[in-house]
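Asker: Sharing a structure, written as structure tokens. Questions coming.
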Amino acid sequence: MTEFEIIMGLEVHVQLLTSTKMFCSCSTTFGSPPNSQVCSICLGLPGTLPVVNKKAVELALKVAHALNCQVAEVTKFDRKNYFYPDLPKGYQISQFDQPILHSGHIMIPTPKEDKKIRITRAHMEEDAGKMIHQEGTPYSFIDLNRVGTPLLEIVSAPDIESPDEAYSYLKELKAILEYLEISDCNMQEGSLRCDVNLSIRPKGQKTMGTRTEIKNLNSFNFVRLAASYEAERQKQVVLRGGKIEQGTYLWDENEQKTKLMRSKEDAHDYRYFPEPDLGSFLISKDLQEKIHSQLPELPRIRSKRMQEEYKISEKDCAFLIEQKVVADYFEACLKKFSEPQELLNWMKGQVRTYLNEHDLAMVDFPIPPKNFIELLELLQKKTINRNAAKEIFEQMAKTGKRAKEFSQQKQKITDENELRQICQEVIKAVPQIAEDCRTNPKAMNALVGQLMKRSKGRADVDIARRIFGELIGE
Amino acid sequence: MSIPEYSAVKLKELLETKQISALEIARALLDRIKKHDAEVKSFLYIDEDLLLKEAQASDQRRSQGKVRGILEGIPVALKDNICTKGQRTTCASQILPRFFPPYNAHVVEKIQASGGSILGKTNMDEFAMGSSCENSSFFNTHNPWNLNCIPGGSSGGSAAAVTAGFTPLALGSDTGGSVRQPAGLCGVFGLKPTYGRVSRFGLIAYGSSLDQIGTFSRSARDAALLLEVIAGRDQRDSTSVDQPVSSYQEKLLSSLKGKKIGLPQEYFENLDEEMKASIMAAVEVFRSLGVEVEEVSLPHTQYAVAAYYIIATAEASANLARYDGIHYGYRAEINAQNTKVEDLQEIYHESRAQGFGNEVKRRILLGTYALSSGYYDAYYVKALQVRTLIKRDIEKALEKFDVLLTPTSPVSAFPLGEKIEDPLSMYLCDIYTVTFNLSGNPALSVPCGHDKKDLPVGFQLVGKLFKEEEILAFAHQYEKETLVNTLAPIKKA
């Protein structure tokens, strides 16, 4: 039985985190009313001209360092010509033969060891608009808010050998891009999209097989699923004695299969040529150095440092680092708070649960580090107990108020006399349970439960247990 | 003399000495247009009320001592591919019948900021593609020297309007000669500045790496005046260059003694004898002013027209893709088979097939072909290589000479209809002008008399990059010696 190997290359499109578009000053905010963020330039009205957004170029130069890329000394834009209603000029301004970045690599984790994936090139371009098709109408809608949003297309070499490697590559790339605040990589909002080029060949064969392209995948999981499906499909074709035809496919989420969008015969001839409205430009060494000097710590390096500095596991670090804002929040808290493990537990527990329940991203988490530390300190000093802390956490998140505003009412009752009085009331109310305690020590938990209810969670459990023991033993 | 006969500089003087008002100028020009433009047909659109209102506002500013700048009270006509805010801008095309730009072109802002006003929009070959103005989808414009003849193109309307005394000044655009060739054929001054000298913001693109806005006037001094207004860097056009704007008017009288003119021999080889004689007479005038004249060779000249028609059409094929019937402009409802247009592909096909004229379609096809995979290297890349060689030729020649002097056009104005069915012979009208679009050098067509048919003849002066003041000085001092009449009588043959 022939064994096959998979060869994949990924093209990742990321929206650059600029406040304005690539060639005009329109806002890039996501989710505004359709066609509210457009101007004469991004609408391609006659007589208008593009002007390069310097911030986008600077973001691309940040990528250069992170992906170990070479920066082109001279770069230029080109026009990529095709007709589609989401493209008002009839061409997309992109880069063809002189991309701003080339010849880089990143390391990705694999079950065996870290593996190097080469980056062939990365180029700047403008995004297209969005077509909205409505079932049952003879027309479609066009929203051009997204037209002209700066994109960086990062093209890997065909070094990826399995769908799992593709997944790791994307995860690693996303972490880097988020870390450097190059892109928010929000896949639901389309800030990161991926095309997969895939071919198979019998193990040992030197020449490449014919590749197919799967376009517009907007989740890492789809990439893995689509690549697995496509590899298997190609294998079946070859095993049946067929030939792989070059073509462009789409992933059908409902049917869980790749579907042919266009065959080689229908492939576009994009007729690239240099964009005459912009011309070539030089990227100065000064600018490169300026950007290099302002770069934040990269995720892999940060993970290693955090493991050592806070004595936390690699796995926990991975959780923190997956989103830069989470790691930033964690470290901001630790500037004034000395228990990393306690903080980590809260981040993995209450904080994560809160975000999930309210469908929020970490950037929208309502409690600032300063206030969060105050809460943890109250707990640390045993001013409040853990249950009370959790309740105060919820209220802080809800109201934006500081922990102290709630802790007065939640302060632990440690006064012996006061506690003794409440304990007596409990025994009086549920004498049967108190009786059970004599024979069944577990019944004590039920008594404590009643006590907490009566004290609104404020009772100091350790002292209360001792008092219950004394009272029942009497 | 009457108002329409005066140059802009003379009108300025009369305004400044309160001998006339801006309102009188506007009225006099409108009167002449009403009287004669039915025959010349140079204007597509004039907003009379706006013009009169602006003239009154200008007079008021002057009386209050609040003159805006050096064009205060002077009207300028615009080729209809220069965007005017809220005023219809058509490129003389059926595909853009009701486009009211929400912005002014940079040059319009500059004119208004210096006190000038927009007289109206002039006829042109559709999307600036043509050398006779016959590709306008509205009507033909006639040469005021002989109404049976074409005015040249593509800025034929602007050239004819200045020649007929409808306006002292006009702007056109020059991609392969579209300012200089009609200026030559109409016998006025037509200046194409250095590429990057004037912002293209608001100029509807044809061949973006070649397009440059240029001036029409009946004197070199007026050209200097208008260039002073419109030149300079504009952040909205990345190809506009940050070079200081010279005081062109002040330098008109810089001495020519000891300066050198180069005559590129390739430009005189097959030239009509009569035209050659006119131009050589002009050369003698320069000699008499103390200028040294020598022959020079620009060896790659013969490839210029071919390279131009590949680069310009390649860029045009992309620039005109936006007229797709989807976002704005003409959308076909009914197809050629007289049935309703159904799907997206058909909207594209039918809107463009019906909306564009034949010459525009021809050039889009040419450009698309030249950029297609498999042909790209043989055509487009080759043309870019030729462009580099041509640039080097001219750079080298201008190391030795201050200016180059050539004919503007191989022929004088020809009868309407003569070449319209023969695109190749029409393309050859640009043979002497396209080179300097490819190289980017400033070039100016100067009128130098009339041929036996009483049609104007012009020569072209080419300067070093951003040295417009030099060619303007040459033209001005020649003009003073010869006093060629630049105002046409408006007559039938």
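Asker: Can you tell me how many residues within the range B:300-318 are away from chain A (no Cβ under 12 Å) and either under 22 Å from A:LEU49 (Cα atoms) or surrounded by 19 or more Cβ atoms within 10 Å (Cβ to Cβ) (or both)? So that I can check it myself, show each step before the final result.
Answerer: Kept after step one, since they are away from chain A (no Cβ under 12 Å), are these residues of the range B:300-318: B:300-309.
The next check asks that each one be either under 22 Å from A:LEU49 (Cα atoms) or surrounded by 19 or more Cβ atoms within 10 Å (Cβ to Cβ) (or both); those that pass are B:300-301, B:304-305, B:307-309.
Here the count works out to 7.
Asker: For the range B:350-372, which positions are over 23 Å from the mean Cα position of the chain (by Cα) and either β-branched (Val, Ile, Thr) or at the interface with chain A (Cβ under 10 Å from one of its Cβ atoms) (or both)? Let's see the steps before the verdict.
Answerer: Residues of the range B:350-372 that are over 23 Å from the mean Cα position of the chain (by Cα), as a first pass: B:350-355, B:365-366, B:368-372.
Those that are over 23 Å from the mean Cα position of the chain (by Cα) and either β-branched (Val, Ile, Thr) or at the interface with chain A (Cβ under 10 Å from one of its Cβ atoms) (or both): B:ARG352, B:THR368, B:TYR369, B:ALA370, B:LEU371, B:SER372.
Asker: Just checking, how many residues over the range A:168-213 are buried (at least 18 other Cβ atoms within 10 Å of the Cβ), over 23 Å from A:GLU126 (Cβ atoms) and among the hydroxyl-bearing types (Ser, Thr, Tyr)?
Answerer: 5
Asker: List, please: which pairs have Cβ atoms under 8 Å, are six or more places apart or on different chains, and start with a residue in the range B:396-419 that is within 18 Å of B:ALA443 (Cβ to Cβ) and end with one that is assigned to a loop (DSSP other than H, G, I, E, B) and β-branched (Val, Ile, Thr)?
Answerer: Listed pairs, sorted by first residue: B:THR408/B:THR433; B:SER409/B:THR433; B:PRO410/B:ILE431.
Asker: Mind checking whether some residue in the range A:92-106 is in contact with an Asp or Glu (Cβ under 7 Å, 6 or more places away or on another chain) and free of Cβ contacts under 8 Å to residues at least 12 places away in the same chain?
Answerer: Taking the range A:92-106 as the starting set, the residues that turn out to be in contact with an Asp or Glu (Cβ under 7 Å, 6 or more places away or on another chain) are A:92-96, A:106.
Pick out the ones that are also free of Cβ contacts under 8 Å to residues at least 12 places away in the same chain and you get none.
Checked the range A:92-106: no residue is in contact with an Asp or Glu (Cβ under 7 Å, 6 or more places away or on another chain) and free of Cβ contacts under 8 Å to residues at least 12 places away in the same chain.
Asker: Quick one: in the range A:307-331, which of the residues that are part of a helix (DSSP H, G or I) and over 20 Å from the mean Cα position of the chain (by Cα) is surrounded by the fewest Cβ atoms within 10 Å (Cβ to Cβ)?
Answerer: Just the residues of the range A:307-331 that are part of a helix (DSSP H, G or I), to begin with: A:307-310, A:314-321, A:324-331.
When the remaining residues are screened for being over 20 Å from the mean Cα position of the chain (by Cα), the result is A:307-310.
On the way: A:GLN307: 14, A:GLU308: 9, A:GLU309: 11, A:TYR310: 18.
Going through the qualifying residues, I end up with A:GLU308.
Asker: Next question, about the same structure. Would you confirm, using the coordinates I've provided, whether A:ASN35 is touching a residue at least 12 places away in the same chain (Cβ under 8 Å), in the same structural domain as A:LEU151 (by TED's automatic domain parsing) and at positive phi? Quick ask: steps written out before the conclusion?
Answerer: Values: touching a residue at least 12 places away in the same chain (Cβ under 8 Å): yes; in the same structural domain as A:LEU151 (by TED's automatic domain parsing): yes; at positive phi: yes.
It is true that A:ASN35 is touching a residue at least 12 places away in the same chain (Cβ under 8 Å), in the same structural domain as A:LEU151 (by TED's automatic domain parsing) and at positive phi.
For (1) closer than 30 Å to A:GLY469 by Cα; (2) in the same structural domain as A:GLY449 (by TED's automatic domain parsing); (3) in contact with a Gly (Cβ under 6 Å, 6 or more places away or on another chain); (4) not aromatic (Phe, Trp, Tyr), each residue gets a yes or a no:
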residue: A:GLU391; (1), (2), (3), (4): yes, no, no, yes
residue: A:THR399; (1), (2), (3), (4): no, no, no, yes
residue: A:ARG402; (1), (2), (3), (4): no, no, no, yes
residue: A:PHE406; (1), (2), (3), (4): no, no, no, no
residue: A:ARG420; (1), (2), (3), (4): yes, yes, no, yes
residue: A:GLN424; (1), (2), (3), (4): yes, yes, no, yes
residue: A:LYS428; (1), (2), (3), (4): yes, yes, no, yes
residue: A:ILE433; (1), (2), (3), (4): yes, yes, no, yes
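Asker: Turning to a different aspect of this structure: Hey, A:LYS315 hits all of (1) outside the structural domain of A:TYR84 (by TED's automatic domain parsing); (2) basic (Lys, Arg); (3) closer than 30 Å to A:GLN98 by Cα but one; which does it fall short on?
Answerer: A:LYS315 satisfies all of (1) outside the structural domain of A:TYR84 (by TED's automatic domain parsing); (2) basic (Lys, Arg); (3) closer than 30 Å to A:GLN98 by Cα except (3).
Asker: While we're looking at this one, here's another question. Given the conditions (1) within 25 Å of the chain's Cα centre (by Cα); (2) modelled with pLDDT of 95 or more, and given that B:LEU271 satisfies all but one, which numbered condition is not satisfied?
Answerer: Condition not satisfied by B:LEU271: (2).
Asker: I'd like to check something: does the range A:58-80 contain any residue that is β-branched (Val, Ile, Thr), over 30 Å from A:SER228 (Cβ atoms) and surrounded by 23 or more Cβ atoms within 10 Å (Cβ to Cβ)? Outline the logic, then answer.
Answerer: Applying the first criterion (β-branched (Val, Ile, Thr)) to the range A:58-80 yields A:63, A:71, A:74-75.
Narrowing further to those that are over 30 Å from A:SER228 (Cβ atoms): A:71, A:74-75.
Subsequent filtering for residues that are surrounded by 23 or more Cβ atoms within 10 Å (Cβ to Cβ) retains none.
The answer is no; no qualifying residue exists.
Asker: Any idea which residue in the range A:54-92 is nearest to the other protein chains (Cβ to nearest Cβ), counting only those that are in contact with a Lys or Arg (Cβ under 7 Å, 6 or more places away or on another chain) and of a type outside the set (Asp, Glu)?
Answerer: Taking the range A:54-92 first, the residues in contact with a Lys or Arg (Cβ under 7 Å, 6 or more places away or on another chain) are A:81, A:86, A:88-92.
Among the residues that remain, those that are also of a type outside the set (Asp, Glu) are: A:81, A:88-92.
On the way: A:ASN81: 6, A:PRO88: 5, A:LYS89: 5, A:GLY90: 2, A:TYR91: 5, A:GLN92: 10 Å.
Within the range A:54-92, the match that is nearest to the other protein chains (Cβ to nearest Cβ) is A:GLY90.
Asker: Scan the range B:396-409 for residues that are in contact with a helix residue (DSSP H, G or I) (Cβ under 7 Å, 6 or more places away or on another chain) and assigned to a loop (DSSP other than H, G, I, E, B) and jot them down. Spell out how you get there, then give the answer.
Answerer: Narrowing the range B:396-409 to residues in contact with a helix residue (DSSP H, G or I) (Cβ under 7 Å, 6 or more places away or on another chain): B:402-409.
Result: B:ASP402, B:THR408, B:SER409.
Asker: Restricting attention to the range A:259-280, and to residues there that are in a loop (DSSP other than H, G, I, E, B) and without any contact (Cβ under 8 Å) to a residue 24 or more places away in the chain, which single residue is farthest from the other protein chains (Cβ to nearest Cβ)? Can you show your working first?
Answerer: We begin by selecting, within the range A:259-280, every residue in a loop (DSSP other than H, G, I, E, B); these are A:267-272, A:275-280.
After this cut, where a residue has to be without any contact (Cβ under 8 Å) to a residue 24 or more places away in the chain as well, the list is A:267, A:269, A:276.
Details: A:ALA267: 10, A:ASP269: 5, A:PRO276: 4 Å.
Only one residue fits best here, namely A:ALA267.
Asker: Can I ask one more? Failed condition for B:LEU78, given (1) outside any loop (DSSP other than H, G, I, E, B); (2) more than 14 Å from chain A (Cβ to nearest Cβ); (3) not charged (D, E, K, R), with all others met?
Answerer: The single condition B:LEU78 does not satisfy is (2).
Asker: Hey, could you check the range A:93-131 for residues that are among the aliphatic types (A, V, I, L, M) and not in a strand (DSSP E or B) and say which is surrounded by the fewest Cβ atoms within 10 Å (Cβ to Cβ)? Quick ask: steps written out before the conclusion?
Answerer: The first filter runs over the range A:93-131 and keeps only residues among the aliphatic types (A, V, I, L, M), leaving A:93, A:100-101, A:106-108, A:117, A:119, A:122, A:124, A:128, A:131.
If we keep only those that are not in a strand (DSSP E or B) as well, we get A:100, A:128.
On the way: A:ILE100: 25, A:ALA128: 19.
Applying the filter and picking the extreme gives A:ALA128.
Asker: Select from the range A:271-296 the residues that are of a type in the set (Asp, Glu) and loosely packed, with under 15 Cβ neighbours inside 10 Å and list them in ascending order.
Answerer: Going residue by residue through the range A:271-296, those that are of a type in the set (Asp, Glu) are A:275, A:277, A:286, A:289.
Those that are of a type in the set (Asp, Glu) and loosely packed, with under 15 Cβ neighbours inside 10 Å: A:ASP286, A:GLU289.
Asker: Does A:LEU43 qualify as being over 29 Å from A:LEU170 (Cβ atoms) and aliphatic (A, V, I, L, M)? Reasoning before the result, please.
Answerer: Details: over 29 Å from A:LEU170 (Cβ atoms): yes; aliphatic (A, V, I, L, M): yes.
In short, yes.
Asker: Would you pick out the residues in the range A:112-140 that are modelled with pLDDT under 95 and over 28 Å from A:ALA56 (Cα atoms)?
Answerer: Listed by number, the residues that qualify are A:LYS112, A:GLU113, A:ASP114, A:HIS133, A:GLN134, A:GLU135, A:GLY136, A:THR137, A:PRO138, A:TYR139, A:SER140.
Asker: Also, quick follow-up: For the range B:319-337, which residues satisfy the criterion of being free of Cβ contacts under 8 Å to residues at least 12 places away in the same chain and surrounded by 18 or more Cβ atoms within 10 Å (Cβ to Cβ)?
Answerer: Across the range B:319-337, the qualifying residues are B:ALA321, B:ARG322, B:HIS327.
Asker: May I pose another question? Out of B:LEU226, B:LEU191, B:LEU210, which single residue is farther than 23 Å from B:ALA8 by Cα and either in contact with a helix residue (DSSP H, G or I) (Cβ under 8 Å, 6 or more places away or on another chain) or at the interface with chain A (Cβ under 8 Å from one of its Cβ atoms) (or both)?
Answerer: Numbers: B:LEU226 fails: farther than 23 Å from B:ALA8 by Cα; B:LEU191 fails: farther than 23 Å from B:ALA8 by Cα.
None of the others qualify; the one that does is B:LEU210.
Asker: Looking at A:PHE96, A:PHE4, A:PHE77, which one is over 20 Å from B:TYR323 (Cβ atoms), at pLDDT below 95 and among the aromatic types (Phe, Trp, Tyr)? Walk me through it before giving the result.
Answerer: Working: A:PHE96 fails: at pLDDT below 95; A:PHE77 fails: at pLDDT below 95.
Residue meeting the stated conditions: A:PHE4.
Asker: From B:ALA170, B:ALA183, B:ALA160, grab the single residue that is farther than 22 Å from B:THR90 by Cβ, buried (at least 24 other Cβ atoms within 10 Å of the Cβ) and either of a type in the set (Gly, Ala, Ser) or within 14 Å of chain A (Cβ to nearest Cβ) (or both). It would help to see each step written out before you state the result.
Answerer: On the way: B:ALA170 fails: farther than 22 Å from B:THR90 by Cβ; B:ALA160 fails: farther than 22 Å from B:THR90 by Cβ.
None of the other options fit; the residue is B:ALA183.
Asker: I need a count of the residues in the range A:381-401 that are assigned to a helix (DSSP H, G or I) and among the polar types (S, T, N, Q). Please lay out each step first, then the result.
Answerer: Narrowing the range A:381-401 to residues assigned to a helix (DSSP H, G or I): A:386-399.
Still in the list and also among the polar types (S, T, N, Q): A:387, A:395, A:399.
Of the residues in the range A:381-401, 3 are assigned to a helix (DSSP H, G or I) and among the polar types (S, T, N, Q).
Asker: Could you list, in sequence order, the residues of the range A:132-148 that are in a strand (DSSP E or B) and within 14 Å of chain B (Cβ to nearest Cβ)? Walk me through how you get there before you give the answer.
Answerer: As a first pass, look at the range A:132-148 and keep what is in a strand (DSSP E or B): A:132-133, A:140-143.
If the condition is that a residue be in a strand (DSSP E or B) and within 14 Å of chain B (Cβ to nearest Cβ), then A:HIS133, A:SER140, A:PHE141, A:ILE142, A:ASP143 are the ones that fit.
Asker: Given the structure, is B:GLY69 away from chain A (no Cβ under 14 Å), touching an Asp or Glu at 6+ places or on another chain (Cβ under 7 Å), farther than 27 Å from B:ARG352 by Cβ and not in a helix (DSSP H, G or I)? Explain how you work it out, then say what you get.
Answerer: On the way: away from chain A (no Cβ under 14 Å): yes; touching an Asp or Glu at 6+ places or on another chain (Cβ under 7 Å): no; farther than 27 Å from B:ARG352 by Cβ: yes; not in a helix (DSSP H, G or I): yes.
Answer is no for this residue.
Asker: Here's something else I'd like to know. Which members of the range B:258-314 meet the condition of being among the polar types (S, T, N, Q) and in a loop (DSSP other than H, G, I, E, B)? Steps first, answer last, please.
Answerer: So in the range B:258-314, the residues among the polar types (S, T, N, Q) come out as B:265, B:270, B:278, B:288, B:297, B:301-302, B:313.
If the condition is that a residue be among the polar types (S, T, N, Q) and in a loop (DSSP other than H, G, I, E, B), then B:ASN270, B:SER297 are the ones that fit.
The values are calculated or read from the model by the stated rules, or taken from the named source; none is laboratory data. It should be emphasised that the depicted structure is a prediction, and the values quoted were computed from it without experimental measurement. Ideal geometry is used to build each Cβ from the backbone, glycine not excepted, and the neighbour counts take in all protein chains shown.
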